[in-house]
Amino acid sequence: PPVAGAAAAAFAAAGTAPPDGLELTFQLSRSLHDGRFANLAWLQELPDAMTKIVWDNALLISRATAAAQGLESGDVVRLTAGGRSLEVPVWILPGQADDSVALELGYGRTAGGRVADAAAGANAYALRTSEAPYVTAASLEKTGRRYELTQTQEHGSLEGRDLVREGSLDHYRADPGFAKDKHGPVYEQPFDDWDYDRGHQWGMAIDLNACIGCNACIVACQSENNIPVVGREQVGRGREMHWLRVDRYFSSAAGDPEHAADDPEVAVQPVPCMHCENAPCEQVCPVAATVHDEEGLNAMVYNRCIGTRYCSNNCPYKVRRFNFFNYTKDTPELLKMAMNPDVTVRSRGVMEKCTYCLQRISEAKINAKLGDRPLRDGDARTACQTTCPTEAIVFGDLNDPSSAVRRRKASPRDYVMLGELNNRPRTSYQARVRNPNPAWEEA
C-alpha cells in the first residue's frame, strides 16, 4: 500500500517519491543516541526499552509485515535502500506500523573505541544519505541465515501473575482500591513477627503512572554500586548483573492472552529487591549471608557467601545476581578510581543485589549527627530515586508519618507484587490509571 500521512510528508520534504512497498525509518537509539555513546559499555548492556535487546540493534518489523515476508525474529535479511545493501536481523515488535521497518543508528561502528568496536550490530549509516536522512524506500530479501539476538525480557519471567495492575479512570472512580489484593495471603507467617515500630524503617514506593521506562534508574544504580558489565555472551546466558531491571509488558490480543495485540498498550515496571520482611532468600541461606537488620533492610554479608545460589532460586522476584566470574580482575588502575569507594567490589562466587543504597543511608545518618539534628525526610535518597526524571520512585522512612514514601503508600492505588506469598515487601507500587482520549479509541 502507498505511504500516507506524516511519512508521505517526509518523503515530499526530502524530494523523493514514497514507496509502494516498504518504508525504512532511521531512529536514534535510546541508549547510544546517534552512536556518540557507543563506547560506553554501560549503555551497550542497557536493555532497549521496547525490545529488551542488548549489545545489538535489529530491523524492527510488524507481525503482519513479517508474516507477509515469511520472516521470524532473528532471521537475517538483506535490506536495500537507494542502491545500497546491508544485512541485518529482524525483530518483530508489537505496535510497529505495517509496511514500515525501523533501524536504530549508532551500532556496527568500526572506529568508535575499544567497546564500540567489539560490540555487534548493523551500521545503519551505510544506508543513510543526506537526501533521505530519516525515511526512505526499501526492500527486503531473506538470506536464509539466522542470528541470535540477546534480550532480557524473559530472563526473570513472571508472566501469568498479576504483576502490573492498571485500570481506566472510570474504573478507578468506581473502585479506588481496585489494585489491592482481594484474597489475602495464601501462606501463613511461619515465624514470630518482628517489631518494626521502632527506629527508622526504610521502604520504597514506585508509581507506575509516572514511570516512562527510560532506564535511567538502571544506569544510576550501576554507577553507584560498582555493578560490572559482563558482555553479550554472558547476558545471553541470563547472567546480567543489573540490580534493578525494568520489565516491559504489551497488552494481549482480544481472546488470545498469550500474544501481544498488533497495536498494544505498553506497561513498564521497575523491579528492584523488595526487601521483604518475611524474605524467602534468608530462610534458605545455609551460612546467614543474607540477613535482616533492625531497620528492615535485607542485607548481604559478602564475606560469608559461599555461592550456593539457594537465595536466588528461592527469590520469587528474580532480583538476585551471582558473580559467575571475577568481572573486575582486569580493570585498569585508572578505571578503578572511577568506582564508588563506599561500595564493596564483589568477587567471583558471591551473590549480590539491591541494598536500598545502604551507603547513602549511612552517609545521611553521619551528616545528621554532625549537624546535631535528627534525620529528615529526603536526607537519604537512593541512586534510582535521585536520577528518576519523573519522580516515579520515592524512598524514605516508613515510621515517619510525614515522609513522602508514607504518603505515597497511603494511596488507594498502592499494592505489593506477589502479595499472596505473604513476603511482606517493603517496595510497593501504585497502580496505573489510564485515561485515553475517547476520540483516539474510536479512530
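No lab work stands behind these numbers, since they all come straight from the coordinates. Since the model is a prediction, treat every value here as computed from it, not as a measurement. No Cβ is skipped: glycine too gets one built from the backbone with ideal geometry, and neighbour counts run over all protein chains shown.
With a Förster radius of 25 Å applied to the beta-carbon distance between Ser251 and Lys180, the computed FRET efficiency rounds to 0.70.
Just so you know, the Cα atoms of the stretch 166-439 work out to an Rg and Dmax of 19.7, 62 Å.
Counted by Cβ distance under 10 Å from Glu294, the other residues give a net charge of -2, where Lys and Arg count +1 and Asp and Glu count -1. The slack between Asn314 and Ala410, meaning 0.36 nm per residue of separation minus the straight C-alpha distance, is 31.6 nm. For Thr331 and Ala439, a Förster radius of 41 Å and the Cβ-Cβ distance give a FRET efficiency of 0.15, rounded to the nearest 0.05. Computed extension length for Ile306-Glu265: 10.4 nm, one decimal, from 0.36 nm per residue of separation with the Cα-Cα distance subtracted. Counting every C-alpha pair in the stretch 32-123, the share spaced more than 18 angstrom apart comes to 45%. On the basis of the beta-carbon distance and an R0 of 45 Å, Gln283 and Glu131 show a calculated FRET efficiency of 0.10.
Gain on full extension, evaluated as 0.36 nm per residue between Ala368 and Asp34 minus their Cα-Cα distance, stands at 115.9 nm.
With distances taken between every two different alpha-carbon atoms, the stretch 221-356 has a Kirkwood hydrodynamic radius of 16.8 Å.
Taking the DSSP bridge list for the stretch 166-439 and keeping only pairs wholly inside it, about 75 percent are antiparallel. All other residues with a Cβ under 11 Å from the Cβ of Leu43 taken together, and with Lys, Arg as +1 and Asp, Glu as -1, what is their net charge? Net charge in that neighbourhood comes out at 0. Farthest towards the positive end of the charge dipole of the chain, among the residues Val291, Ala126, Ile53, is the Cα of Val291, using unit charges on the Cβ of Lys, Arg, Asp and Glu. Could you pull out every whole DSSP H run in the chain that spans at least 15 Å of Cα extent along its own axis and averages 1.6 or higher on the Kyte-Doolittle scale? Span-like helices here: none at all. Highest mean packing first, where packing is the average number of other Cβ atoms within 10 Å per residue, the peptides 42-55, 162-175, 205-218 line up as 42-55, 205-218, 162-175. From most to least packed by mean Cβ count within 10 Å, the peptides 411-423, 331-343 give 411-423, 331-343.
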